[in-house]
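What follows is a set of notes on a single structure, which appears directly below.
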Amino acid sequence: MEISRRGFLKISGLTFLGLMAKPGWEVVSQIKPIEPSPAPNYFSGKKWAMAIDLRKCWEAQEGCKECLDVCHRIHNVPSIGYLKEEIKWIWTIPYEKAFPEHIHDFNQEEYKGKSVVVLCNQCDDPPCIRYCPTRATWKREDGIVMMDFHRCIGCRYCMAGCPYGSRSFNWRDPRPFIKKVNLEFPTRTKGVVEKCNFCEERLVQGLLPACVEACKEKALIFGDLNDPHSEIRRTLNGRHVLQRQPELGTKPKVFYIV
Amino acid sequence: MVNKEQILVDKEIPLLEHVRRSGKGFYITVSILTALVLWGIYAYLTQYRIGLGVTGLSRQIFWGVYITNFVFFIGISHAGTFISAVLRVVKAEWRRPISRLSELTTVFILFFGVGSVLIDLGRPDRMLYAIRYAHFRSPLLWDVCSIGTYLTVSSICLYLALIPDIALMRDLGMKKRQWLYEILSLGFTGTERQWHRLEKAILYVSILVIPVMITVHTVVSYVFAMTIQPMWHSAIFGPYFVAGALFSGVATVITIMAILRKVYHLEDYLKPIHFYNLGTLLLAMTLLWLYFTLGEYVTTLYGNEPSQMSIFWSKLTGQYAPLFWLHFALCFVIPFPILANPKTRTIKGTLIASISINIGMWLERFVIIVPTLTRQRIPIEGAIYIPTWVEWSILLGCLSFFSLLYVIFTKFFPIIPIWEIHEGRGKSIMEVRKRIQSYLPD
Amino acid sequence: MYDAKKIIPGLIIFLGLIAFPILHNTVSGKATYSPKTELPKDKKECIEPKDFIRVNHKELLEDWKASVVRIGMRVYQATNKKRYTMSLNRTCMDCHKDRTKFCDQCHNFMGVTNKCWDCHLYPKELEKR
């Protein structure tokens, strides 16, 4: 029987495919779903939120940084030392920058320059998570916007997506800049994005976020918005509170009492 | 058979000269380019080792030269498709000598467009996570898909139009490289059936690549337009970026044409009329670019939205004013009068305009990306971005690598498609006559 | 055979180069080396049988990682119904105190890098720093 080159290639190709079928199917049939199916009961029913009573905060003595320090300490946030590569989870900015829409010519004297504690707003409709190409940042069912440092590729698109500038990037290896490492929390590598996680590692132990616990003035109030009797609901009830740039539709879950 | 090829080649001697012979200039060019590429690689390795902190980027301005390069390079890649595919589809006969060099620009520069994003990653070792954990809500994934498609289709486009010339090289017998041409020519012998299939394939791919081209730069612009950052979040960004891409792409092709013409003595093939025609196209692009730029800035001005205005004024009168007005001068004020006057639409004139536009368009991308980041709604002082040597070296390395690939390509294949010229001299003249007659009343 | 004079010496050189690592290790005595992992003295059993851990420790740790970070489940129930906290430095490193004497032994031998320690710290390493 005469076989042309083309015919030979066809037959050998088909044979090869046939031989591949079984091992191929075995590989495909064994692929596990990459993401373990979420177990809803771990977070269900909760919706964490924070309220910051700025009046109490302003009454405290000048330069009180308890909440900032404790957060950065327990989360191994490096203090790089210069503005360019700064990493911060919770920090202060002047009132007119936090609430540009609430400052006008006639309340300047009273409010201008007063420092406002800011952190990730843990938005109910977070824009940042839409941009992550690997789902390394996502909103958990209890409303916490999480970061998976194992998965972040460092494209910084989430930073472009966040209108509040709540995210920091590790421009170099952070470890040499951490004074005392807290073993309960991992450090990060160079090249990943990080931000406030509402102390989810403390919430799971039944503790309050570190900043809330550290505040001597009790200016920070934390709780579950879904529980009508929680302290945060009682605080927010019937009161006029501010959110940062709510007009962007992000529905921030950090509220400010002025 | 050999005689027929020999006659064809004797007629188009300059087209094969650069494949056959390499002078001193070639070796000098290759060594300089290789040195620059190695320097770029060294710069990247430094960044890989220490982290992105070696760049001028900061917490505030976290995207800079690399993302500018990404948009700019992907923009340039539009030239190939536009000039080759669009002109092929509309049967513009003057495209013949420039189709390959523009397709080649597309394919090679795309690597650096994609590469720029990878260079910008904080964890390049995890880059494949974007596929493993692909999250299609992210516009970056749309980019991965559209640029991947574009690279595939434009490579096929380049290759198909290369086959007859590879076959020609094979038949001429090039001693050492015979085996290469043997494989790449896919057994093309120039029978009527093969020609028919090839022409059909080229036409289909040319039509297919046009929508892909439009999509690619639209999606690149969406990376910015889909965020809520002031002066990025704009519906006009899709067409604005596509127009800018074609603008810088055509300018790049003119620049490359002028260089090749000089270096490889292609004066008989790349004639002033080609520069004149492309110059006219570039003039149209200049005006289109002006139209979009005005549209973008005037609507922002009239909206008078505070967060937008702070960026707007930082560009027009503030920190970024020098760059903004420089880019405006380079993109419009300098090229427009040169291109608008038929007397200056010469080779030299279009070349000057093209170089000006290329620099201007790089700056345009920079001025679109960076100022927005300085005041992400919460103005923060001290956000100054000065690119470091690492970033400039990598930009230089990318450009050198591109040129190096280009130079090496011309040592293997003729840069002007011999078969297209041949076809133009013979078959097409008859066809064009018939076509024109068919337009007219009998 | 054509060019036998070139091909046969070429083949010998090729085989020599290919076999060089094996020969080198045989001569230098490295071929008989096997990694020595230091097992904890006070603990008798790992969370799962030794054979399972040897083969599947990577998958196990990856499952833990996904489970803690992405699902929020932090308790692992072993096949023998005992419960453990899913934590590298609190559970694994509680027994295997020093990674250089345990993990790195095999990992270095096999030339497999792991990036756990870029972020995760354990008490012993902290002392060293």
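What number, rounded to the nearest 500 deg cm²/dmol, is the helix-based mean residue ellipticity at 222 nm of the protein assembly as shown, given -39500 (n - 2.57) per DSSP H run of at least four residues and division by all its residues?
Values: 33 runs with 440 residues, N = 829.
That calculation yields -17000 deg cm²/dmol at 222 nm.
Inside 10 Å of the C-beta atoms of B:60-67, what's the mean count of C-beta atoms belonging to other chains?
On the way: counts 5, 1, 10, 5, 0, 0, 0, 3.
Mean partner shielding for this stretch: 3.
Shielding of B:128-134 by partners, i.e. mean partner chain Cβ atoms within 10 Å per residue? Present the calculation step by step, with values, prior to reporting the outcome.
Details: counts 2, 8, 5, 2, 3, 10, 4.
Partner Cβ neighbours, averaged per residue: 5.
Tally Lys/Arg at +1 and Asp/Glu at -1 over every other residue whose Cβ is under 15 Å from the Cβ of B:GLY113; what's the total?
Numbers: positive: B:ARG365; negative: B:ASP120, B:ASP143.
Local net charge: -1.
Which whole DSSP H helices in chain C pass both tests: a Cα extent of 15 Å or more along the axis and a mean Kyte-Doolittle value no lower than 1.0? Intermediate results must be reported in sequence, preceding the final value.
Working: long enough: C:4-28 (34 Å, 1.42); C:50-66 (23 Å, -0.99).
Long hydrophobic helices here: C:4-28.
What is the distance in Å between the Cα centroid of segment C:27-84 and that of segment C:86-124?
Computed from Cα coordinates, the inter-centre distance equals 10 Å.
What is the calculated FRET efficiency for B:TYR291 to B:LYS348, with r their C-beta to C-beta distance and R₀ = 25 Å, to the nearest 0.05? Don't jump to the answer; show the numbers that get you there.
Numbers: r = 27 Å, r/R0 = 1.09.
It comes to 0.35.
Consider a paramagnetic label point 7 Å from the Cα of B:THR29 along Cα→Cβ; state which residues of segment B:410-442 have an amide N under 15 Å from it.
B:410-416
Tell me which DSSP H helices of chain B clear both cut-offs, 20 Å or more of axial length from alpha-carbon atoms and a mean Kyte-Doolittle hydropathy of at least 0.0. Please report the intermediate quantities before stating the final value.
Values: long enough: B:24-50 (39 Å, 0.97); B:99-120 (32 Å, 1.32); B:139-160 (31 Å, 1.30); B:192-225 (49 Å, 0.86); B:237-263 (38 Å, 1.51); B:272-303 (46 Å, 0.93); B:347-374 (40 Å, 1.26); B:389-410 (31 Å, 1.69).
Passing helices, by number: B:24-50, B:99-120, B:139-160, B:192-225, B:237-263, B:272-303, B:347-374, B:389-410.
Under 10 Å, Cα contacts only: if you run a Gaussian network model on chain A, which one of A:GLY24, A:GLY238, A:GLY206 comes out with the highest mean-square fluctuation?
Result: A:GLY24 has the largest fluctuation of those listed.
In nm, give the distance between the simple-model label positions of B:GLU182 and B:ALA235, each being 7 Å from the Cα along the Cα-to-Cβ direction.
6.1 nm
Report the extension gain between C:ARG90 and C:HIS57 in nm, rounded to one decimal, defined as 0.36 nm multiplied by the number of residues separating them, less their alpha carbon distance.
Working: separation 33, 0.36 × 33 = 11.88 nm, distance 1.59 nm.
The span from C:ARG90 to C:HIS57 would gain 10.3 nm if fully extended.
Comparing B:ALA284, B:ALA243, B:ALA134, which has the greatest mean-square fluctuation in the GNM of chain B with Cα pairs linked when under 10 Å apart?
Greatest mean-square fluctuation among the candidates belongs to B:ALA134.
Quote the FRET efficiency, to the nearest 0.05, computed for A:ASN182 versus C:LYS36 with a Förster distance R0 of 25 Å and r equal to the Cβ-Cβ distance.
Details: r = 32 Å, r/R0 = 1.30.
In this case the efficiency is close to 0.15.
If you keep only loop residues by DSSP, which trypsin sites (Lys or Arg not before Pro) in segment B:57-97 have at most 15 other Cβ atoms within 10 Å of their Cβ?
Details: sites: B:ARG59, B:ARG88, B:LYS91, B:ARG95; in loops: B:ARG59, B:LYS91.
Loop-located and lightly packed - B:LYS91.
Grab the Cα-Cα distance for B:GLU267 and B:LEU440, subtract it from 0.36 nm times how many residues apart they are, and report the gain in nm with one decimal.
Values: separation 173, 0.36 × 173 = 62.28 nm, distance 3.48 nm.
My answer for the length gained is 58.8 nm.
Under a crude label model (7 Å from the Cα following the beta-carbon direction), how far is A:GLN108 from A:LYS139 in nanometres?
Reported label-point gap for A:GLN108 and A:LYS139 is 3.8 nm.
Across the residues of B:420-433, average count of Cβ atoms on other protein chains within 10 Å? Don't skip to the end; give the middle numbers.
Values: counts 0, 0, 0, 0, 0, 0, 0, 0, 0, 0, 0, 0, 0, 0.
Neighbouring Cβ atoms belonging to other protein chains average 0 per residue here.
So what's the angle, to the nearest 10 degrees on a 0 to 90 scale, between helix A:5-30 and the longest Cα principal axis of chain A?
Taking Cα atoms only, the helix is inclined about 40 degrees.
How many nm is it between the label spots at B:GLN194 and B:TYR48, if each spot is 7 Å from the Cα in line with the beta carbon?
That separation, rounded to one decimal, is 4.2 nm.
Read the figures in this text as sums done on the coordinates, not as results from a lab. Given the structure is predicted, the values throughout are model-derived calculations rather than measurements. Cβ coordinates were reconstructed from backbone atoms using ideal geometry, including for glycine residues, and neighbour counts include every protein chain displayed.
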